Amino acid sequence: MSPPPPKVRTAQGPGVEGAVAGLLRDLGSQLQRGSAALARETSGRLATGIPGIDALLAGGFPAGRLSEIAGPPSSGRTSVAQALLTHATRRGEIVAWVDAAQAFDPASAEAAGAALERVLWVRPPEPRTAIRCCQCLLDARGFALVVLDLSSHTAARLPTSSPSPSASPSVWQRLGRMAAGTGTALVTLSLERTSGVFADLALSMQPTRAHFSGTPQLLEGLEIEAIVSRQRSGPALRTAAVCLSTGSRAA
Amino acid sequence: MSPPRTACLCVPDLPLAAELRARPEWAGLPLAIASASGPRAEIVSVSDEAIRRGVRRGNTVTHARAACAVLKVRIASPALERAAREALLDVALSFSPRAVLLPPASGAFAAEAAVLLDASGITALFRSEPGFATALAERARRLGLPANVAVAGSRSVAHLAARKLSGGDGATLVVAAGTEMEFLGPLPIDLLDPEDTLAASLTRFGIRTLRELLSLPPRALSTRLGPRALALAALARGVSDDPPLPAPARTRLVEAVDLDHAVDRLEPLLFVLQGLLSRLLDRLEVRHLACGDLAVSLDLTGGGRDARRIGVAAPTRDLRVLLRLVHTALETRAPAAAIEGLRIETEGLSLRSDQLDLFRPPGPSQTELGRVLAELSSLCGEDRVGAPRVADHHHPDALALERFDPSGCERKRAKDGGGAAAGDLTSTLALRVLRPPVTAQVRREGERPRWIRSAIVNGPVVRWAGPWRTTGGWWSQEGRFAFDHYDVLTSDGTVSRLRYDHVARAWQIDGVYD
């Protein structure tokens, strides 16, 4: 007579499932399976919350990579970066905005829904310092997103004695490596593409149309076109049209 | 109640030990410490390797170099010795709350550094007193101090027993309770470090050991050799009527170094700083403390001093973090002259542990965040780093920053009963603020701007909205402002925020929609 099969005890019995269900019921939407950071690592993308841009980028900007948003004034660069920041802070992530352009507007960010207390705003006095600030932030590990804004109509306004970081490709190479090592998404804003082949993703923006309407006339929004001019892990030269709203009529 | 026991931690040759603590790579090399600079200076400490090569204490530097051509000669550094003494006390305080650093001795034991600590009931923590003594010696060795350890029933016996252990290589000795007299009897009288005249008299009487000294009648001893001889006899008897050892609440730690040559470049200075901070952190570690704010003092050539305080956001024992903070501080504000000496002081604080949030993704640790904030503040200025806040002011150029403390904000929000903001996100158009605003020349038709010329925007105005007036500060001549704002689209496709400043009577562009 053969011996009876051994009894196997499962780790997740009905009691565990019940407890998880109870926790989910009590804590509601605050509790999630795995952390958002884990989700970020799994998906490897940071969404902007702008459907057109997220669809264009297959989910968002890549985590642990150097990305670039370039375009002329009123092309929507800042809005896309701000949407990225908003989405990340509302997920509970900590982000940094290195504002070499001195152009960040807290009121705009708050109106967009960003949790400003999770934003570290750094206002370096010159671009070279901005690069060092970025290195310092990337070195810290734990920031989900670092935005480096160099697009302060920069070429015209910054003193000529401070060399543009675009002059040194090694800077971008180093920043890209640091981002890869920490899992932080590093996104630069500039008038023109600066980081060349070291950017994992380059998004070129163009203004299409401005909407003014009503009586009295109000600026309602901007239509922009986003073009993926470089993407290491996907097809390039795809475009998307996006409408950015001021929300003035709703207000 | 356990009988009173005292341990003595003794470094017999402090100048040499202090030097090797600062330069551990010189261990095993022929090394001599001179009392001063110059060829005639006296050698006060000699390493074993130098002794093997014929160098002796009391030689002049010239004689010592003649005996050993590869001899490394260093000048005794009071700063290093002071730090080594305090490190020895830290070792003692890591075992017992009651400890005292003995004042520097004279004569044959001038180079000695000794600490007494209360070892009563220590067997409750260690299996035996020899085990405790070995652990004490081992911890001193970890801080770069080769020390002998003796445990006895009184301070004087423990001190004499530690002196008896020659070599300073971590030897230990335990004098069992009740055997003090047997132990002390055969010891040479020199261990008591008598004054020269008294020592000469005792030698003349043929008294060489403590037993022989104690065999003399006290009254006769006092009559012939004075009260100092009586005090010596009391010491030899091992009788101690000293008060209990103090329990110092000392958590202020200092490390210092005098440089041989003035340093005027950052890289070599950082090399020295790394050693200094490393020694400081080792001391903090044995005390189970972490480093608070750093007070860095630099002795400059010409007699000047550069003192600065470097903030450490969260107590840390991370050498890399501290070094980067000091590096950034020195780089941001370079010293005015070359540096001849360095001193770092810190308050030992309890190490905080990070509490991860159950519902939030993990951000940078408190220590890392503190390091980053300090470094960024050094790079950009304290008023340029923080969490943005919408300014409580109507002036369009108003700017507000607050201390960046995401965990603190979360706690405050939770306390106030609020949760994380939730709701639908829209594709919101952002404004880029121009700080300072850019002056523009505007051609108008009635209220309507027709043409703009500026460093940012140039061309005819295609669409426009406005004006909206913003005024405030009317009660103050300096603070009053009045702006008429317009949103304008120019022919190049730029949508900017134009304003007319009624106070300055000028057109400006203060933002670009982007």
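Report the full-extension gain for the segment B:L230 to B:L125: residue separation times 0.36 nm, less the Cα-Cα distance, to one decimal in nm. Before the final figure, lay out each step's value.
Working: separation 105, 0.36 × 105 = 37.80 nm, distance 3.83 nm.
Net length gain for the segment: 34.0 nm.
Quick one: which residues, 5 or more positions from A:G71 or on another chain, have an amide H under 5 Å from its amide H? H modelled 1.01 Å from N in the peptide plane, none for Pro or chain starts.
Excluding prolines and chain starts, which carry no amide H, the hits are A:S190, A:L191, A:E192, A:M205.
In the neighborhood of B:E347, defined by Cβ-to-Cβ distances under 13 Å, what is the net charge if each Lys or Arg adds +1 and each Asp or Glu adds -1?
Working: positive: B:R250, B:R252, B:R283, B:R287, B:R309; negative: B:D293, B:E345.
Net charge around B:E347: +3.
Would you please give the residues with an amide H less than 5 Å from that of B:W464, counting only those at least 5 places away or on a separate chain, with H modeled from the backbone geometry?
When sequence neighbours closer than 5 places are left aside, the close amide H contacts are B:L489.
So if we plug the beta-carbon distance of B:A69 and B:A338 into 1/(1 + (r/R0)^6) with R0 = 25 Å, what FRET efficiency do we get, rounded to 0.05? Please report the intermediate quantities before stating the final value.
Details: r = 31 Å, r/R0 = 1.25.
It comes out at approximately 0.20.
What is the mean number of Cβ atoms from other protein chains located within 10 Å of the Cβ atom of each residue in peptide A:219-226, rounded to a whole number? Can you show the working numbers first?
Working: counts 12, 2, 5, 8, 0, 3, 0, 0.
Going residue by residue through A:219-226 and averaging, the value is 4.
For segment B:429-513, just say rounded, prolate or oblate: build the C-alpha gyration tensor, square-root its eigenvalues into a ≥ b ≥ c, call rounded for a/c under 1.5, and beyond that prolate if a/b exceeds b/c, oblate if not.
Details: a/c = 1.93, a/b = 1.62, b/c = 1.19.
Cα axes put segment B:429-513 in the prolate bin.
Show me A:180-186, B:268-274, A:232-238 ranked by packing, highest mean number of other Cβ atoms within 10 Å first. Intermediate values should be presented prior to the final figure.
Working: A:180-186: 22.1, B:268-274: 16.0, A:232-238: 11.4.
The most tightly packed comes first, giving A:180-186, B:268-274, A:232-238.
From other protein chains only, count the Cβ atoms within 10 Å of every residue's Cβ in B:382-391, then give the mean. Don't skip to the answer; put the middle values down first.
Details: counts 0, 1, 9, 7, 5, 8, 15, 7, 8, 2.
Mean shielding count: 6.
Order the following by accessible area, largest value first: B:K72, B:K164. Probe radius 1.4 Å; ligands, DNA and RNA are ignored.
Of B:K72, B:K164, the descending order of accessible area is B:K164, B:K72.
What spacing in nm lies between the two simple spin-label points modelled at B:R211 and A:R128, each 7 Å away from Cα in the Cβ direction?
7.8 nm
Express in nm, to one decimal, how much length is gained between B:L29 and B:S106 on full extension, taking 0.36 nm for each residue of separation and deducting their alpha carbon distance. List each step's numbers first, then the result.
On the way: separation 77, 0.36 × 77 = 27.72 nm, distance 2.76 nm.
Between B:L29 and B:S106, full extension yields 25.0 nm more.
Can you give the local net charge around B:R450? Use residues other than it whose beta-carbon is closer than 9 angstrom to its beta-carbon, Lys and Arg +1, Asp and Glu -1.
Numbers: positive: B:R443, B:R444, B:R448; negative: B:E445.
Net of charged neighbours comes to +2.
Arrange the peptides A:130-140, B:329-339, B:100-110 so that the one whose residues have, on average, the most other Cβ atoms within 10 Å appears first.
Details: A:130-140: 23.2, B:329-339: 15.4, B:100-110: 13.8.
Answer by packing, highest mean first, reads A:130-140, B:329-339, B:100-110.
Among rounded, prolate and oblate, which fits the protein assembly as shown when a ≥ b ≥ c are the square roots of the eigenvalues of its C-alpha gyration tensor, a/c under 1.5 means rounded, and a/b larger than b/c means prolate?
prolate
For a quick protection proxy, order the peptides B:177-189, B:299-311 by their average other-Cβ count within 10 Å, most packed first. Please report the intermediate quantities before stating the final value.
On the way: B:177-189: 15.6, B:299-311: 13.6.
Final packing ranking: B:177-189, B:299-311.
Which order do B:E112, B:E340 take by accessible area at a 1.4 Å probe, largest first?
On the way: B:E112 15, B:E340 85 Å².
I get B:E340, B:E112, largest accessible area first.
Using label points projected 7 Å from each Cα along Cα→Cβ, tell me how many nm separate B:A177 and B:L266, to one decimal.
If labels sit at B:A177 and B:L266, their model points lie 6.0 nm apart.
Classify segment B:189-237 as rounded, prolate or oblate, taking a ≥ b ≥ c as the square roots of the eigenvalues of its Cα gyration tensor: rounded when a/c is under 1.5, otherwise prolate if a/b is larger than b/c and oblate if not.
On the way: a/c = 1.25, a/b = 1.12, b/c = 1.12.
In terms of gyration-tensor shape, rounded.
Once amide H atoms are placed 1.01 Å from N in the peptide plane, what residues at a sequence separation of 5 or more from A:L120, or on another chain, have their amide H within under 5 Å of its amide H?
A:V95, A:A96, A:W97
Under the definition of partner shielding as Cβ atoms of other protein chains within 10 Å of a residue Cβ, what is the mean value for peptide B:362-369? Before the final figure, lay out the partial values.
Working: counts 9, 12, 10, 3, 0, 1, 5, 5.
That average works out to 6.
For a Förster distance of 51 Å, can you work out the FRET efficiency between the beta-carbons of B:L351 and B:D190, rounded to the nearest 0.05? Show your work: numbers first, answer last.
Values: r = 46 Å, r/R0 = 0.90.
Between B:L351 and B:D190 the formula returns 0.65.
Please give the FRET efficiency for B:S297 paired with B:R469, using the beta carbon to beta carbon distance and R0 = 51 Å, rounded to the nearest 0.05.
Numbers: r = 56 Å, r/R0 = 1.10.
Calculated value: 0.35.
May I ask you to compute the full-extension gain from B:R57 to B:H288, defined as 0.36 nm times their residue separation minus their alpha-carbon distance, rounded to one decimal in nm? Display every interim value, and only then the final one.
Details: separation 231, 0.36 × 231 = 83.16 nm, distance 3.82 nm.
Length gained between B:R57 and B:H288: 79.3 nm.
Could you state how much accessible area B:H63 has, in square angstrom rounded to the nearest 10, with a 1.4 Å probe and all protein chains kept in place?
Ignoring ligands and nucleic acids, B:H63 comes out at about 120 Å².
Once you place label points 7 Å from the Cα toward the Cβ at B:D318 and B:D306, how far apart are they in nm?
Result for the modelled spin labels: 2.6 nm.
The values are calculated or read from the model by the stated rules, or taken from the named source; none is laboratory data. Every value quoted in this text rests on a predicted model; they were computed, and no experiment measured them. Here Cβ is always computed from backbone atoms with ideal geometry, including for glycine, and neighbour counts include all displayed protein chains. For accessibility, only protein heavy atoms count, side chains too; no ligands or nucleic acids. Shrake-Rupley method; radii C 1.70, N 1.55, O 1.52, S 1.80 Å.
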